[in-house]
Amino acid sequence: MTEQHRKTAIEATKNIPPAHHGKPYTRDTDIVFLPDGRNVILDDDDDIILSVLSDGKTENSFEIPYPSSGYGGGSLLLSPSGKYLVFSYFSGQSEEAFSLFTIENGHLKFLYDSGYLYGEEANYSFINDEKILVQTFRTGTWYEENAETDQHGDIYYEFGELNLFNLETHELNRHTIHVYPSDNWEEEKTDIGTFSFSEINGSEFNITMPWGKVTFHGPLEKILAVRFPA
């Protein structure tokens, strides 16, 4: 970690209200705050290094191997309890990935790395008492030339993926979302906007899509179909 980056990070911690410590942060976050007052900093100006700081001093660092497909940037997400840390990163070539760590007594312990998956704009959420990490990202664009046809002759677009990582088994289950447009579907009104996990209610997975909320029922199929009303 460069001295300038460390000083900048320390100054940033002074401007964050205490109520925010231990809370998850979203994309483009390079500092997260642990419940015990420590903070974790991402420094990727040269190498890719995660460091745990306490009172401005580095207690522990972990260097991320530089991805063979390149590195376009990354961000940090802390689980609500402060036990798990997600390092989300992308190649800059429509590829997303994440590394998962536990944080124990100020030390980072590596658990898992997904490697790059084709897609963009990944989002992450912890559910089921932090036993599951939900990953969503876009994989397709909604241009007419990109439409595909299923075995019944119906037109659909590949929209994205809804993936579930089991923190106990370290298995990543991937689910692809196919969207079937209606006759009066308008690309401009439905393709731009948020795509992220919203909440789980029993076996229902509620997802925020650009056009509104969509619910999928578990156990999830490999292909998740969304059909617009005719």
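Each value in this text was obtained by applying a stated rule to the coordinates, not by laboratory testing. Everything numeric here is computed off the predicted structure, so don't read it as measured data. Note: ideal-geometry Cβ built from the backbone for every residue, glycine included; neighbour counts use all protein chains shown.
Things worth noting here:
- Inter-centroid distance (Cα atoms) of the stretch 146-180 relative to the stretch 34-77, Å: 32
- Counted charge near Gly115, where neighbours are those whose Cβ lies closer than 11 Å (Asp, Glu -1; Lys, Arg +1): -3
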